[in-house]
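Chemist: Attaching a single structure in structure tokens format; questions to follow.
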Amino acid sequence: KEGRGSVVEWLQKSFNFAGLVHRLDFGTSGLMVCAKTADAAKTLTQAMQNGEIERTYWAVVLGRVATQKNSDIGTYDQDLDGQSATTHFRIREYFPNATLVEINLETGRKHQIRKHFANAGHPLLGDHLYGKGGAKLLFHRPALHAIRLSVMGDVFETQIPDDFNELLTRLKARRS
């Protein structure tokens, strides 16, 4: 928003940090990986490229996500902007006209989660860029949260934010 700096600007001012290794799309909540020194940024960036940083997200998407063979797991493996992109997911819970999914990224392309689910006909609730129709109306931001990061053997987790929890409560109430 106008008059407000980005997280990167705040980190540079407050901590004189060297770089953001794992970033989040605007409106996405959750964990990020930042490096304080150039050496740390290089090491962490290399670890990200080598798959040594595992990223787990929760998302609420429009509709009932189908998987193969009645399993609760699935994969979207589709090129995005000319680059291969692989998104693994597990169904956590079904709601009327929505699904809570846990997502693990094998690759890290711009808007990968949002594009893969939208291309499959399941845009994230609140996604004003890739959402169609009702997906934009049900939540004020993309319903996407980076809940867990495993960075070279260290695991970091965060709670679901209040607005995301409120969305889940409203969706559960629709079952009654």
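Chemist: Please state which one of L11, L31 is at negative phi and open to solvent by 30 Å² or more (accessible area, probe 1.4 Å).
Modeler: None of the others qualify; the one that does is L31.
Chemist: Among the strands (runs of 3 or more DSSP E) contained in the range 8-77, which hold 3 or more residues that are touching a Phe, Trp or Tyr at 6+ places or on another chain (Cβ under 9 Å) and not hydroxyl-bearing (S, T, Y)?
Modeler: Passing ranges, in order: 33-35, 53-62.
Chemist: Look at the range 34-44 and say how many of its residues are open to solvent by 40 Å² or more (accessible area, probe 1.4 Å) and either within 20 Å of T158 (Cβ to Cβ) or basic (K, R) (or both).
Modeler: Summing the residues that are open to solvent by 40 Å² or more (accessible area, probe 1.4 Å) and either within 20 Å of T158 (Cβ to Cβ) or basic (K, R) (or both) in the range 34-44 gives 3.
Chemist: Is there any pair linking a residue in the range 56-85 that is under 27 Å from D154 (Cα atoms) to one that is loosely packed, with under 12 Cβ neighbours inside 10 Å and of a type outside the set (G, A, S), with Cβ under 8 Å and at least six apart or on different chains, and which?
Modeler: These pairs meet every condition: G74/Q68; A85/D79.
Chemist: Next question. Of the conditions (1) at pLDDT 85 or above; (2) farther than 24 Å from G121 by Cβ; (3) polar (S, T, N, Q), S14 fails just one. Which one is it?
Modeler: (1)
Chemist: Taking the criterion of being surrounded by fewer than 13 Cβ atoms within 10 Å (Cβ to Cβ), assigned to a loop (DSSP other than H, G, I, E, B) and free of Cβ contacts under 8 Å to residues at least 60 places away in the same chain, would at least one residue in the range 87-98 satisfy it?
Modeler: No, the range 87-98 has no match at all.
Chemist: Another question, if that's okay. Contact list please: Cβ distance under 8 Å, first residue in the range 40-55 and closer than 19 Å to N104 by Cβ, second residue small (G, A, S) and outside any helix (DSSP H, G or I), pairs at least six apart or on different chains.
Modeler: Between residues of the range 40-55 that are closer than 19 Å to N104 by Cβ and residues that are small (G, A, S) and outside any helix (DSSP H, G or I), the close pairs are L44/A35; M48/G108; I53/S150; E54/S150; R55/G108; R55/A146.
Chemist: So which residues in the range 99-131 are in contact with a Leu (Cβ under 9 Å, 6 or more places away or on another chain), surrounded by fewer than 19 Cβ atoms within 10 Å (Cβ to Cβ) and touching a residue at least 60 places away in the same chain (Cβ under 8 Å)?
Modeler: H111 - this is the single residue of the range 99-131 that is in contact with a Leu (Cβ under 9 Å, 6 or more places away or on another chain), surrounded by fewer than 19 Cβ atoms within 10 Å (Cβ to Cβ) and touching a residue at least 60 places away in the same chain (Cβ under 8 Å).
The values are calculated or read from the model by the stated rules, or taken from the named source; none is laboratory data. Only a predicted model underlies this, so the values are computations on that prediction, with no experimental measurement involved. Cβ coordinates were reconstructed from backbone atoms using ideal geometry, including for glycine residues, and neighbour counts include every protein chain displayed. Side chains included, ligands, DNA and RNA excluded: accessible areas come from the protein's heavy atoms. Shrake-Rupley method; radii C 1.70, N 1.55, O 1.52, S 1.80 Å.
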